[in-house]
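For reference, the structure discussed in these notes is given below.
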Amino acid sequence: MPGFSIRGLGSAVPDKVVTNDDLAARLDTSDSWITERTGIKQRHMGGTTSELAVAAGRMALDNAGVPAQDVDLLVLATTTPDEIVPGTSATVQNALGVGGGAFDVNAACSGFVYGLVVAHGLALAGTRRILLVGSETLTRITDLDDRTLAVIVGDGAGAVLLEATDGPGDLISYDLGADGSLRHLLHCPHGGVLYMDGKEVFRKAVRVVVDSSRAALERAGLTPGDVDLFVPHQANARIISAAAERLGIPPERCVVTIDRYGNTSSASIPLALADAKSSGQLTPGTVVLLSGFGGGMTWASAVLSWKL
Ligand code: COA
């Protein structure tokens, strides 16, 4: 089906790197606990959501060779906006000089895949070029003295420049879901800090990633065996390996970046795509399965026929 094609990729992380040993120096934790329980070795911290989004967005525009004024729409997936009003997309639109409209999408860590599906619909409705950015500064809403969350979160951004196609687009199928009865598992009140029931989120996450991935693949007429590259939300390496194992996707077909970035919420999937592209894992013709999950709970999977 027509839709969009990804023409450019970009990513950005703050300069400041915080290792597990840095955290262990001031919290009751250790490199071995964090590595074994989460797969994280380090994370980047700092900046604002708009600064990181501007840097990643600019890189995606340069990568595509498209001037900002030729973009018709900016969609910013974030759960950590700079301010409650206006949308952080307004700051990013202004800084980049994007010619068209701008709005935020908040579906927590599923936000980037939700944004991709929204962009697909808008491309079908006639929007020509869309800059989709996932940008987060989770460390700003985290109590960094609380070891359970401080060791997990990181800051970063990833972006894709999408262009509408007349022929087949990159998005083959998708699955979106939400269960708001679970919103107490992961939330942050106004002016407060993140709360997470880690064990329960873990249990649910594995199930929704597997079920949602299967649903998206089924709609595409594909099976997990057809997936060349699985790019899941990076929340915990054990969630990724458990989901991949249940789907029957071997480890060499999974993109894992959590060791370097921690959990960057809606930035994790586009950051992982940018890393996979620069490491040569993503080549034209690759069948890519994206699967995100997060607060809400929300979940979202998409199957792409990669062309860039
Ligand atoms: N360092 C050292 N010990 C820690 C610790 C830390 N940072 N955090 C917790 N512990 C301790 C606990 O106090 C507990 O000690 P006890 O056995 O003496 O009571 C023990 O380690 C095990 O804690 P538990 O909470 O059972 O660990 P876990 O294996 O469930 O791992 C998470 C915790 C948060 C890493 C894990 O639950 C997780 O990743 N959940 C999903 C998170 C997620 O996906 N979030 C994002 C959604 S978008």
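The values are calculated or read from the model by the stated rules, or taken from the named source; none is laboratory data. All figures in this text were calculated on a predicted structure; none of them were measured in a lab. Every residue, glycine among them, receives a Cβ derived from its backbone with ideal geometry; neighbour counts consider all protein chains shown. Just the protein is used for accessible areas: all its heavy atoms, side chains included, with ligands, DNA and RNA removed. Shrake-Rupley method; radii C 1.70, N 1.55, O 1.52, S 1.80 Å.
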Review point. If we only count helices (runs of 4 or more DSSP H) wholly inside region 1-73, which ones have 1 or more residues that are within 19 Å of Ile269 (Cβ to Cβ)?
Key: 31-38, 49-64
Check your understanding: Within region 109-124, is even one residue outside any helix (DSSP H, G or I), of a type in the set (A, V, I, L, M) and in contact with a Gly (Cβ under 6 Å, 6 or more places away or on another chain)?
Key -> no
Revision key, fill the gap. Expected single match for within 16 Å of the ligand (Cβ to nearest atom), buried (at least 18 other Cβ atoms within 10 Å of the Cβ), among the hydrophobic types (A, V, I, L, M, F, W, C) and part of a helix (DSSP H, G or I) among Leu271, Leu217, Leu290 is Leu271
Study note, to complete from the structure: Of the listed residues (Val133, Val105, Val117, Val160), the one being within 16 Å of the ligand (Cβ to nearest atom), in contact (Cβ under 8 Å) with a residue 12 or more places away in the chain and of a type in the set (Val, Ile, Thr) is Val105
Exercise for review: Would you be able to say whether some residue in region 13-29 is of a type in the set (Asp, Glu) and surrounded by 14 or more Cβ atoms within 10 Å (Cβ to Cβ)?
Suggested key: yes
Exercise for review: Return the only residue of Asp228, Asp170, Asp155, Asp197 being touching a residue at least 12 places away in the same chain (Cβ under 8 Å) and within 11 Å of the ligand (Cβ to nearest atom).
Suggested key: Asp197
Practice item. Give Gly225, Gly296, Gly285 a once-over and let me know the one that is open to solvent by 10 Å² or more (accessible area, probe 1.4 Å), at negative phi and not β-branched (Val, Ile, Thr). Key: Gly225
Practice item. Give Arg140, Arg238, Arg203 a once-over and let me know the one that is basic (Lys, Arg), over 24 Å from Asp275 (Cβ atoms) and open to solvent by 10 Å² or more (accessible area, probe 1.4 Å). Key: Arg203
**Study point:** Set Thr78, Thr88: member being over 12 Å from the mean Cα position of the chain (by Cα), touching a residue at least 24 places away in the same chain (Cβ under 8 Å), open to solvent by less than 40 Å² (accessible area, probe 1.4 Å) and assigned by TED's automatic domain parsing to the domain that holds Arg129
**Key:** Thr88
Revision key, fill the gap. Note on region 242-268: residues in contact (Cβ under 8 Å) with a residue 60 or more places away in the chain and part of a strand (DSSP E or B) are Asn263
